[in-house]
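The values are calculated or read from the model by the stated rules, or taken from the named source; none is laboratory data. Since we're looking at a predicted model, the values are computed, not measured. When we count neighbours, we look across all protein chains shown, and the Cβ atoms used for this are built from the backbone with ideal geometry, even at glycine. All accessible areas refer to the heavy atoms of the entire protein, side chains included, with ligands and DNA or RNA removed. Shrake-Rupley method; radii C 1.70, N 1.55, O 1.52, S 1.80 Å.
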2 protein chains.
Amino acid sequence: MIDKLIARLNGLHPMSEALTERIRSMVWITDHPKKTILLKEGEVNNHICMVASGLVRSYYINEGKEITSRFMDEGFIITSWISFYTRKPGNEFIETLEDTTLTCVHYNDIQKLYEEFPEFNIIGRKQVEYSFYMAELRTRMLRKNTAEEKYKFFLENHPNLLQRVSLKHVATYLGMNEETLSRVRSQYHKTH
Amino acid sequence: MIDKLIARLNGLHPMSEALTERIRSMVWITDHPKKTILLKEGEVNNHICMVASGLVRSYYINEGKEITSRFMDEGFIITSWISFYTRKPGNEFIETLEDTTLTCVHYNDIQKLYEEFPEFNIIGRKQVEYSFYMAELRTRMLRKNTAEEKYKFFLENHPNLLQRVSLKHVATYLGMNEETLSRVRSQYHKTH
DNA sequence: TTAACTGCTTGACAATTGTCAAGACATTTC
DNA sequence: GAAATGTCTTGACAATTGTCAAGCAGTTAA
């Protein structure tokens, strides 16, 4: 499991043996059954975890309703970025949608890595660049005008996710309600 | 003008004299009158520029209409991130809304800095982290349900911008049309 | 097995937002 | 200065989306 994480980091920038070993000593693995809350609103997100296997979603409450902000499957980093970055309690929840295995590193350990291995900043930079890039793509979806365009965008960008996620969550992710998504789908799949 | 940029980078992480001098040798300053197109759809964004003074917006075309994606005033980085990151032609335009002075560094020079000064990766990482954080806040706005909530969010987060930007652009930024924004404003300011 | 619950769909209707058109006013251009 | 252009507003109406309610199939729990 740790090897997956190491491989991913090496893919961003080749790491020295010393750095690799240091990371190995810091990483821990955790298993969580489906429907486990990993982070609650009001908590500070103190570690960065990668999904080794499984599926996770993050969401927050707006006007009393859950708004799904992101789905994270294998290889993706699950972190409530605003909280992790600001070091303050965030308002995001993170929960598992399937049985999930995570590989995690503590915030303090990440900072140590940045200090002890300057080249780890290259990896940190590239990872944040990638996360930012993905976030920009998601934002593009939210700027689509119609429910159908949003659904189409989702189909194109997450073709595999539809089988694993309930439509209720997809709907709030796309910024519409469950019923609208249902209608858009039936309309869309008639003509495509 | 360059001092502003240097000060900003020092604020992210103190830089050595050598790094500072290297950066000074790479930066150039450009002035652009109001309504200048700085980047066109289909071009690769090959440099990172900071607004030293003035105001800029980025936008793209969706279904034939301009969608404003961001406003950037003093101290902010103007870069079409998706294009800069992927090194491919993007679909964003960038234009000045006021007479603007920019301090710019070329993509290749940035990469040289990353290689020659490993500690520059700390600055790069922190800058991207900050940009990402700001982008996440903007995304939160897009997930607001009603036009009024979006307008309120804009008022709270960019209180000074409303005097400098035409409402047409604010409207597309908020994901609504001009008329709706106008109505929301008249409604909102009656009761607040 | 029955009961409760979840996920998804559909219908009727309400609320919100978009579209098209027009006009007032300010600003720019020639 | 006159004309053209741009900004903002308002009205009437259309389209889209949300809300509330109900129902059905499949799953879970007792």
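Net charge within 14 Å of A:Ser53 by Cβ-Cβ distance, Lys/Arg positive one each and Asp/Glu negative one each, not counting A:Ser53 itself? Present the calculation step by step, with values, prior to reporting the outcome.
Numbers: positive: A:Lys4, A:Arg8, A:Lys34, A:Arg164; negative: A:Asp3, A:Asp31, A:Asp73, A:Glu74, A:Glu98, A:Asp99.
Every neighbour counted, the sum reads -2.
Just need the relative contact order of segment A:136-192 here, percent rounded to a whole number, with Cα pairs under 8 Å and 6+ apart. Each step should come with its number before you reach the end.
Numbers: 32 pairs, mean separation 20.8, N = 57.
Here the relative contact order equals 37 percent.
Once you sort the root eigenvalues of the Cα gyration tensor of segment A:36-118 as a ≥ b ≥ c, which label holds: rounded (a/c under 1.5), prolate (a/b larger than b/c) or oblate (the other case)?
Working: a/c = 2.61, a/b = 1.34, b/c = 1.95.
Oblate shape, in that a/c is at least 1.5 and b/c is the bigger or equal ratio.
I need the calculated FRET efficiency for the pair B:Glu148 and B:Lys168, taking r as the beta carbon distance and R₀ as 22 Å, to the nearest 0.05.
Details: r = 18 Å, r/R0 = 0.84.
Given R0 = 22 Å and the Cβ-Cβ separation, E is 0.75.
Answer rounded, prolate or oblate for the protein assembly as shown, using the Cα gyration tensor with square roots of eigenvalues a ≥ b ≥ c: rounded when a/c is under 1.5, else prolate when a/b is larger than b/c, else oblate.
Numbers: a/c = 1.76, a/b = 1.02, b/c = 1.72.
Taking the square roots of the gyration eigenvalues as a ≥ b ≥ c, the protein assembly as shown is oblate.
Can you give me the long-range amide H partners of A:Glu74? Hydrogens built in the peptide plane at 1.01 Å from N, cutoff under 5 Å, separation of 5 or more residues or another chain.
A:Gly54
Expressed as a whole percentage, what fraction of the accessible surface of the protein assembly as shown belongs to carbon and sulfur atoms when a 1.4 Å probe is rolled over the protein heavy atoms? Please list the in-between numbers first.
Values: 9120 of 18170 Å².
Carbon and sulfur together cover 50 percent of it.
How big a patch of accessible area, both sides summed and in Å² to the nearest 100, lies buried between A and B at a 1.4 Å probe? If you can, show how the numbers build up before the last one.
Details: alone 10910 and 10880 Å², together 18170 Å².
Buried area (both sides, nearest 100 Å²): 3600 Å².
Ignoring everything but the protein chains, give the 1.4 Å probe accessible area of A:Ile67 in square angstrom, nearest 10.
Rounded to the nearest 10, the figure is 20 Å².
What shape does segment B:144-192 take by its C-alpha gyration tensor, where a ≥ b ≥ c are the square roots of the eigenvalues and a/c under 1.5 counts as rounded, a/b above b/c as prolate, and the rest as oblate?
rounded
Expressed in nm to one decimal, what extension gain is obtained for the pair B:Arg183 and B:Met134 from 0.36 nm per residue of sequence separation less their Cα-Cα distance?
Working: separation 49, 0.36 × 49 = 17.64 nm, distance 2.78 nm.
Residue separation times 0.36 nm, minus the Cα-Cα distance, leaves 14.9 nm.
Run through the other copies and list how far each one's label point is from that of B:Tyr107, in nm with one decimal, shortest first; the point sits 7 Å from Cα along Cα-Cβ.
Nearest to farthest, the other copies are at 3.4 nm.
Is there a pair in A:Lys4/A:Lys40; A:Lys40/A:Lys126; A:Lys40/A:Lys65; B:Lys35/B:Lys112 whose C-alpha atoms are over 23 Å apart, and which pairs would that be?
Details: A:Lys4/A:Lys40 27 Å; A:Lys40/A:Lys126 28 Å; A:Lys40/A:Lys65 15 Å; B:Lys35/B:Lys112 32 Å.
The pairs that break the limit, which is 23 Å between Cα atoms, are A:Lys4/A:Lys40; A:Lys40/A:Lys126; B:Lys35/B:Lys112.
Enumerate the helices in chain B for which the Kyte-Doolittle hydropathy averages -0.5 or more and the C-alpha atoms extend at least 18 Å along the helix's axis, using complete DSSP H runs.
Working: long enough: B:120-142 (33 Å, -0.17); B:178-191 (20 Å, -1.64).
Taking the DSSP H segments of chain B (at least 18 Å long, mean hydropathy at least -0.5), we get B:120-142.
Using the Cα centre of the protein assembly as shown as origin and beta-carbon charges of +1 (Lys, Arg) and -1 (Asp, Glu), tell me which of B:Leu55, A:Ile61, A:Leu38 is placed farthest towards the positive end of the dipole.
A:Ile61
Run the simple label-point estimate for B:Thr20 and B:Lys65 please: 7 Å along Cα→C-beta, distance reported in nm.
Once both label points are built, they end up 5.0 nm from each other.
Give me the distance between the Cα centres of segment A:39-101 and segment B:15-57, rounded to whole Å.
If you average the Cα positions of each part, the centres end up 35 Å apart.
Once you put a point 7 Å from the Cα of A:Glu41 and another 7 Å from the Cα of A:Tyr107, both along the Cβ direction, what distance in nm separates them?
Going from the A:Glu41 label point to the A:Tyr107 one covers 2.0 nm.
How far is A:Ile37 from itself in the other copies, in nm, if each label sits 7 Å out from Cα along the Cα-Cβ line, shortest first?
Result, one decimal in nm: 5.1.
In Å², what does the accessible area per residue of chain B work out to with a 1.4 Å probe? Each step should come with its number before you reach the end.
Working: 9070 Å² over 192 residues.
Solvent-accessible surface per residue comes out at 47 Å².
Can you tell which of A:Ala171, A:Ala52, A:Ala18 shows the greatest fluctuation in a Gaussian network model of chain A with Cα springs below 10 Å?
Result for chain A, Cα springs under 10 Å: A:Ala18 fluctuates most.
Enter the accessible area of B:His192 (Å², nearest 10), with the probe set to 1.4 Å and all protein chains included.
For B:His192, solvent-accessible area is about 130 Å².
Which distances, in nm and shortest first, link the B:Gln163 label point to the same label point in every other copy, taking 7 Å along Cα→Cβ?
So the label point of B:Gln163 gives 5.8 nm to the other copies.
Taking H placed 1.01 Å from N in the peptide plane, check which residues at least 5 places from B:Thr100 or on another chain put their amide H under 5 Å from its amide H.
The list, which skips near neighbours in sequence, is B:His32, B:Lys34.
What residues of segment A:134-154 lose no less than 50 Å² of accessible area with every protein chain in place versus their chain by itself (probe 1.4 Å, heavy atoms only)?
Residues of segment A:134-154 that lose at least 50 Å² of accessible area once the other chains are added: A:Glu136, A:Arg140, A:Leu142, A:Arg143.
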